[in-house]
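None of the figures in this text is laboratory data; all of them are computed from the coordinates on show. Worth saying up front: this structure is predicted, and the values here are computed from it rather than measured. Don't worry about glycine lacking a Cβ; one is built from the backbone with ideal geometry, like all the others, and counts go over all protein chains shown.
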Amino acid sequence: MVKTDESNKIVESSLEFDNHTFVSFLNDSKTGLRGFIAIHRQNGDIPSFGATRMWHYDSDEEAMDDALRLSRMMSYKSALAGLPYGGAKGVIILNSNTLDTRKRNRLLEAYAENVERLNKQFITGTDVGLTQKDLDAMNKKSKHIVGFNGDATEHTALGILCGIETCLGKIFEDGSIAGRSFAIQGLGKIGSSIIDYIYDDAKKIFVSDTDKDIVRDIKNKYPKVKVIDPLDIHKQDVDVFSPCALSHAVNSETVSELSCKIIAGGANNQLENEKTGELLYKLGILYAPDYVINAGGLISVTDEFEHSKYSRKRVEDKVIRIKDTLDKIFKSSEKHNKAPNVVADEMAKRIVDKYK
């Protein structure tokens, strides 16, 4: 746990630090666990939500920055989804122990023990790098693990579909997928689920992923998709570019190469910075703020936390409200001549800043 003055200075010196409520450095020599838990905001006694990811980082500082950045995004995501929870994030640094099943389970159990010690302040589930089996291992050591009811990935994809349809309606006055073209970057759980939703109606679907095995499987399942080099997927002349890989797909280098009308995808932190979103706005490219349209997974796991019995309809009804939120953002964007990402941040910050 970060307690010392020196450690606090390291955290506070990060460009991603936003007066976070809590930051803990995890370092267990017995299991090889190394990582961070960051709580951005806490709404009174209500717990903060955020999934846990396992990823390779070049340094502890890089992992800490990711935890700080993503936990802030989770606060904003929760706020604009109409949820009362603050945002948090868990980050586990990938190492050799995670390649051996027994060692991996012990590491995850040690991580879950840290979650448990926070006494319901932090509720977590799976993000990039973790599986349902990993979730089962974590669940042995903490009561504050979610992701067992329904399919959070499916609900995330549904929210993104709602976002895409809202954007299409804004640009073409018709929110139909039919006859539209798409470029999907990243073919993991979210990217492949989006293909499943749009495949029958879309005119063209370009796809890319750095994993050749995943690309092969997608091509076999969806033969009409056209596979593109990952370095060129964002350059396709399409109606919708959908980033579903990792952060900063839209940056100072790629923004000038875009040939899309809409950006709406599942990845977190798609924009390199706020200015990138403002540049998209000036270029006339409609951007659906990522944490608004990919909130379906969070909506799903918070519903699990609130209700002992799963109701698909109840969750879907909540997810579909993403359309209304996005419509409000776009209307405010037009009225005040501000980029949608700026409007969304301002709306979320007003809510989150009221938490005590």
I'd like the distance between the alpha-carbon centres of the range 224-268 and the range 316-331, rounded to an integer number of Å. 23 Å
Going by how many other beta carbons lie within 10 Å of each one, how would you line up L107, L286, fewest first? L286, L107
What net charge do the residues around N114 carry, taking every other residue with its C-beta under 11 Å from that of N114, with Lys and Arg at +1 and Asp and Glu at -1? -2
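What does the charge count around V352 come to, taking other residues whose C-beta lies under 13 Å from its C-beta (Lys +1, Arg +1, Asp -1, Glu -1)?
On the way: positive: R41, R72, K77, K349, R350, K354, K356; negative: D18, D345, E346, D353.
Computed value for this residue: +3.
How big is the charge dipole of the chain about its Cα centre, in debye rounded to the nearest 20, if each Lys and Arg gets +1 on its Cβ and each Asp and Glu gets -1 on its Cβ? Don't skip to the end; give the middle numbers.
On the way: 50 positive and 53 negative charges, 174 e Å.
Rounded to the nearest 20 debye, it is 840 debye.
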Taking +1 at the Cβ of each Lys and Arg and -1 at the Cβ of each Asp and Glu, which of H248, I233, Y199 sits farthest along the dipole of the chain towards its positive end, judged by Cα position relative to the Cα centre? Y199
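Going by average Cβ neighbours within 10 Å, how do the peptides 92-101, 170-179, 120-129, 323-332 rank, with the highest at the top? The partial results should precede the final answer.
Values: 92-101: 15.6, 170-179: 13.8, 120-129: 21.2, 323-332: 17.6.
Descending mean neighbour count gives 120-129, 323-332, 92-101, 170-179.
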Counting only residues 5 or more places away or on other chains, whose amide H sits under 5 Å from the amide H of A183 once H atoms are built in the peptide plane? F206, V240, F241, S242
Compute the relative contact order of the range 67-221 as a whole-number percentage, counting only Cα pairs closer than 8 Å that sit 6 or more residues apart in sequence. 13 percent
Which of L286, H307, N269 sits farthest toward the positive end of the charge dipole of the range 265-313, with +1 on the Cβ of Lys and Arg and -1 on the Cβ of Asp and Glu? H307
Between 0 and 90 degrees, rounded to the nearest ten: what's the tilt of helix 189-198 against the longest Cα principal axis of the chain? 30 degrees
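Which of rounded, prolate, oblate describes the range 1-118, given a ≥ b ≥ c as roots of the alpha-carbon gyration tensor eigenvalues and a/c under 1.5 marking rounded, otherwise prolate only if a/b is larger than b/c? Walk me through the numbers before you get to the answer.
Working: a/c = 1.84, a/b = 1.42, b/c = 1.30.
Taking the square roots of the gyration eigenvalues as a ≥ b ≥ c, the range 1-118 is prolate.
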Considering Cα pairs under 8 angstrom that are at least six residues apart, work out the relative contact order of the range 207-307 and quote it in whole percent. 21 percent
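Any idea what the dipole of the range 251-356 comes to, in debye rounded to 20, about its Cα centre with Lys/Arg Cβ at +1 and Asp/Glu Cβ at -1? Write out the running numbers ahead of the final one.
Details: 18 positive and 17 negative charges, 106 e Å.
Rounded to the nearest 20 debye, it is 520 debye.
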Between R117 and K141, what is the spin-label point distance in nm, taking each point 7 Å from the Cα along the Cα→C-beta axis? 1.1 nm
Given Cα pairs under 8 Å that are at least 6 residues apart, what percent is the relative contact order of the chain? 16 percent
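Helix-only estimate, please: 222 nm mean residue ellipticity of the chain, summing -39500 (n - 2.57) across DSSP H runs of length 4 or more and dividing by its residues, to the nearest 500.
Numbers: 13 runs with 157 residues, N = 356.
Taking each H run of at least 4 residues, the total per residue is -13500 deg cm²/dmol.
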